[in-house]
Amino acid sequence: MNTQFCPSLMCVDFSRLAQELTELESAGAAMFHIDIMDGHFVPNLALGPEDIKAVAKLATIPYDAHLMVSNPDAYIDKFADLGCRIIYVHAEAPTHLHRTLTHIRQRGVQAGVAINPGTPLGCLTEVLDVVDVVLVMSVNPGFAGQPFIANAIGKTRRLRKMLAEHSSKAKIAIDGAVSPEIVKTLAMEADMFVLGTAGLFRNNMSYVQAMQILREQLLEAQAETGHCAV
Ligand code: DX5
Ligand code: ZN
């Protein structure tokens, strides 16, 4: 398992974006996570297409778009045109989730489905054939800096089993309050971790130091379980 760390760009200092992205890439970021909010699906606004255009000019690694919006169908083409590697839509948002995910794939973009803490895994069974990544929300979406919701641990483990039962090759990503402890706890289940204030944007710690701590957690989990997580 080649675990990927994905910094959440709503946590960066946009007044020094170029330096931030360079430092995050040097620290080992695999993909940038870009949170898009409409103030309706979630009670907040975050980044937008102009921010992605700026990131696209500066980044040398891929970036995704996490659409926390009520009508994702209206935006798929826009974010595909902006070069997003993955587009995450929330399972709770579109009327026709299978059609929405199919549309993302038709644009040559990986189809991601995000599920809120209160949403059962059962909502995924009929769309696994058109899903590339499941984004397990471990906070209620809309804000960085919230506490981790513990049921995400058992849910992620059940999801891993469910994907195996359905012979799905979909990856699992965890999003929200991901700390070094959570990286170790879910090292064998998650392929990607979205990193915000709990794991990467930490007071008096460089990105290199924070990422090193996270990698050490993967290695500790590997040593304890005997499986490769890095
Ligand atoms: C929340 C976003 C997350 C968030 C992660 O709605 O989807 O990506 O920015 O930040 P932390 O790790 O601080 O929760
Ligand atoms: Zn997110």
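Computed from the coordinates by the stated procedures, all read-outs in this text should not be read as laboratory data. Predicted model only: the values in this text are computed from it and were never measured. Quick reminder, even Gly has a Cβ in these numbers, built from the backbone with ideal geometry, and neighbours come from all protein chains shown.
Before moving on, here are some points about what is shown:
- Filter result for residue 74 (of a type in the set (A, V, I, L, M, F, W, C), over 15 Å from residue 194 (Cα atoms) and free of Cβ contacts under 8 Å to residues at least 12 places away in the same chain): yes
- Looking across 59, 46, one residue alone is more than 16 Å from ligand 2 (Cβ to nearest atom), among the hydrophobic types (A, V, I, L, M, F, W, C) and in contact with a strand residue (DSSP E or B) (Cβ under 7 Å, 6 or more places away or on another chain). It is 59.
- Selection count where residues are free of Cβ contacts under 8 Å to residues at least 60 places away in the same chain and within 10 Å of ligand 2 (Cβ to nearest atom), scope segment 129-140: 2
Residues checked against (1) over 21 Å from residue 22 (Cα atoms); (2) surrounded by fewer than 13 Cβ atoms within 10 Å (Cβ to Cβ); (3) not small (Gly, Ala, Ser):
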{"site": "177", "(1), (2), (3)": "yes, no, no"}
{"site": "199", "(1), (2), (3)": "no, no, no"}
{"site": "211", "(1), (2), (3)": "no, no, yes"}
{"site": "215", "(1), (2), (3)": "no, no, yes"}
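- Count - residues of segment 42-51 that are under 15 Å from residue 87 (Cα atoms) and either of a type in the set (Asp, Glu) or in contact with a Cys (Cβ under 7 Å, 6 or more places away or on another chain) (or both): 0
- Qualifying residues in segment 1-27 (those that are β-branched (Val, Ile, Thr) and over 17 Å from residue 180 (Cα atoms)) - the one nearest to ligand 1 (Cβ to nearest atom): 12
- Qualifying positions in segment 63-90 - assigned to a loop (DSSP other than H, G, I, E, B) and within 19 Å of residue 106 (Cβ to Cβ): 71, 75, 82, 83, 84, 85
- Count of segment 182-227 residues, restricted to those that are more than 20 Å from residue 145 (Cα to Cα) and within 18 Å of the chain's Cα centre (by Cα), is 7.
- In the set (1) β-branched (Val, Ile, Thr); (2) in contact with a Pro (Cβ under 6 Å, 6 or more places away or on another chain); (3) away from ligand 1 (no atom under 16 Å from the Cβ), the condition left unmet by residue 225 is number (2).
- Contacts under 6 angstrom Cβ, first residue in segment 27-39 being at positive phi, partner surrounded by fewer than 22 Cβ atoms within 10 Å (Cβ to Cβ) and part of a strand (DSSP E or B), 6 or more apart: 39/45
- Subset of segment 94-109 [surrounded by fewer than 19 Cβ atoms within 10 Å (Cβ to Cβ) and more than 18 Å from residue 64 (Cα to Cα)]: 95, 96, 98, 99
- Candidates in segment 156-175 are the residues that are of a type outside the set (A, V, I, L, M, F, W, C) and buried (at least 19 other Cβ atoms within 10 Å of the Cβ); of these, the one that is nearest to residue 101 (Cα to Cα) is 171.
- Within segment 141-181, the set of residues being part of a loop (DSSP other than H, G, I, E, B), touching a residue at least 40 places away in the same chain (Cβ under 8 Å) and under 28 Å from residue 40 (Cα atoms) comprises 141, 142, 143, 144, 145, 148, 178.
- Whichever residue in segment 171-192 is hydrophobic (A, V, I, L, M, F, W, C) and under 19 Å from residue 87 (Cβ atoms) and, among such residues, is farthest from ligand 2 (Cβ to nearest atom): 172
- Residue check, residue 136 assigned to a helix (DSSP H, G or I), within 16 Å of ligand 1 (Cβ to nearest atom), in contact with a helix residue (DSSP H, G or I) (Cβ under 7 Å, 6 or more places away or on another chain) and aliphatic (A, V, I, L, M): no
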